[in-house]
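The values are calculated or read from the model by the stated rules, or taken from the named source; none is laboratory data. Not measured: the values here are computed from a predicted model. Neighbour counts run over all protein chains shown; Cβ positions are idealised from the backbone, glycine included. Please note that ligands, DNA and RNA were not included when accessible areas were found on the heavy atoms of the full protein model with its side chains. Shrake-Rupley method; radii C 1.70, N 1.55, O 1.52, S 1.80 Å.
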Amino acid sequence: RWGEFMDRAGTAWDRSRRPLLEEPLRDDRQALGRDPYPAVRRRRLLRPARQAGTVAEVGRLELTDPRLAALLDGYALSYGLDPRHAPAAAALLPYMEETFGSWYVAGGMRALADAVHERCLARRVTFVFGAEVVRVAEKDGRAAGVELADGTGVEADHVVLGAQPRPGLLPGQERWPGAVSGDLPGVRHHGAPGRFLVLLSLRGAREPGAVHRTVVHPADGASEQEAVFGGRTAERPTVTVLRPDDPATRPDEEHEAVTLMATVAPHGPVDWTDTALCQRFTDTMIGRAAEAVPGLRERILRSEVRTPVDTEADTGAEGGSVPAPALAGAGGAYLHAGNRTPLPGLYLAGGWSHPGGGPAHAGMSGALVAGLVVEGDGFRGSQ
Ligand SMILES: Cc1cc2nc3c(=O)[nH]c(=O)nc-3n(C[C@H](O)[C@H](O)[C@H](O)COP(=O)(O)OP(=O)(O)OC[C@H]3O[C@@H](n4cnc5c(N)ncnc54)[C@H](O)[C@@H]3O)c2cc1C
């Protein structure tokens with residue numbers, strides 16, 4: 001059944017790949033409003049035919065086995081999407097992983113940032129760190145540069161915003177259609193979910209053949225979804241256990257570094273500055289992870305926790321929300337702001353713009369904006 005589901009996901013991929021991922025978002029957002037996933041139509045005697053419209057319905061009507069449904073729900077949740085609302089087109093997410101693979105950066109994600117930084121320096125890019133932009137400057141109806149928190153201004157021919165477009169940052173933004181994203185159905189009142197990480201230093205070697213990534217599902221996924229998307233902490237969260245075999249992450253072969261990750265409600269509805277709450281949640285996550293790694297608790301030397309409060313401080317995203325990848329379907333409700341903006345010279349890149357969050361999608365947004373800047377507004381993606 002999973003194989004047949006992947007075949008249908010492949011059809012959705014063929015139908016939506018270019019406009020959804022490889023081209024700047026078209027002005028006609030409705031072109032992506034129709035769900036490209038060819039849901040199975042089930043005829044029923046004397047009753048209307050049934051067809052899956054959401055991720056949860058694909059699980060219930062097509063995969064039918066609760067374990068397969070949990071697997072699919074887990075994919076949506078790991079990207080911060082509510083399986084009860086996210087369109088069936090989210091099938092693209094496991095499809096992309098099964099087709100193109102899932103990539104681990106040797107040395108951890110930091111190594112990717114370092115590599116990009118080095119490459120940029122070689123291409124004579126100048127970086128200015130610790131410079132908070134308070135507003136994009138406008139002159140004669142064009143973006144003309146940025147204003148910094150210390151009161152200085154920087155002039156520019158083009159401005160590319162790679163952060164959440166918070167109110168006030170962009171002149172005239174409140175009048176733009178669909179300019180602020182992250183406002184998905186089901187999270188409207190609470191903001192998109194964030195991530196809770198537990199970083200563990202373990203004594204003892206990683207056993208040979210240990211699995212890189214294990215997802216520990218709860219028996220009752222519905223309760224977890226109600227909690228995460230209802231602004232509460234789940235009693236039994238889905239926990240992703242990451243055990244990369246990467247010598248760069250450990251001091252020697254007698255130790256192991258393991259990361260636990262859960263999708264959680266953002267800071268705001270849940271007070272992630274509450275240390276007792278964080279301690280309890282950490283303990284729950286370690287307990288869940290121990291179901292996949294027996295003896296985990298006894299091996300812990302040191303642990304560090306990263307909550308949505310840390311994400312907010314690092315990325316500027318309100319509540320430490322993490323942007324989901326853009327999805328077709330649902331009338332365009334899961335699309336992000338386009339890369340071109342109504343203000344000439346101002347472009348949006350990164351997870352809060354088309355085609356959405358995650359390094360792969362955010363990377364595509366960078367490629368699209370580069371195309372728009374170099375080739376002009378008519379740019380329609382690389383061939
Ligand atoms: C804990 C965690 C785990 C994740 N795990 C995964 C995963 O497993 N797989 C996956 O695909 N995605 C994952 N993500 C999501 C992924 O990291 C993001 O989608 C991606 O990093 C977005 O890249 P970006 O360049 O758009 O934004 P960011 O990486 O957030 O960069 C934005 C930058 O802009 C700066 N900034 C913000 N506002 C301003 C301002 N006003 N002035 C100046 N600078 C500003 C910030 O300081 C930051 O450096 C995870 C995210 C988190 C937080």
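Assorted remarks:
- Sequence-distant residues sharing a close amide H with GLY356 (under 5 Å, placed H): ALA326
- For the range 1-126, the residue among PRO83, GLY3, ALA52 whose Cα projects farthest onto the positive side of the dipole built from Cβ charges is ALA52.
- Here the mean projected area of the convex hull built on the C-alpha positions of the range 2-96 is 6.7 nm².
- Cα-projected label distance for ASP245 with GLU22, points at 7 Å along beta-carbon direction, nm: 3.4
- Only protein atoms count toward the accessible area here, which uses a 1.4 Å probe; on the chain, the carbon and sulfur part of that area reaches 52 percent.
- Cα-centre dipole for the range 2-96 with unit charges at Cβ (Lys and Arg positive, Asp and Glu negative), debye to 20: 540
- Annotation: average projected area of the chain is 21.5 square nanometres, based on the convex hull of Cα atoms across all directions.
- Distant alpha-carbon pairs in the range 233-369 (separation over 25 angstrom), percent: 45
- Pairwise FRET efficiency - ALA106 versus ASP283, Cβ, R0 = 25 Å, nearest 0.05: 0.20
- Taking the Cα centre of the chain as reference, the dipole from Cβ charges on Lys and Arg (+1) and Asp and Glu (-1) amounts to some 1300 debye.
- For LEU343, the solvent-accessible surface with a 1.4 Å probe is about 10 Å², rounded to the nearest 10.
- When only Cα pairs below 8 angstrom with a gap of at least 6 residues are kept, the chain shows a relative contact order of 21 percent.
- Rh by Kirkwood over Cα pairs, then Stokes-Einstein D for the range 204-314 at 0.890 mPa s and 25 °C, µm²/s: 163
- Cβ-Cβ FRET estimate between SER382 and VAL154, R0 fixed at 30 Å, reported to 0.05: 0.50
- Remark: the chain carries 51 Å² of accessible area per residue (probe radius 1.4 Å; ligands, DNA and RNA excluded).
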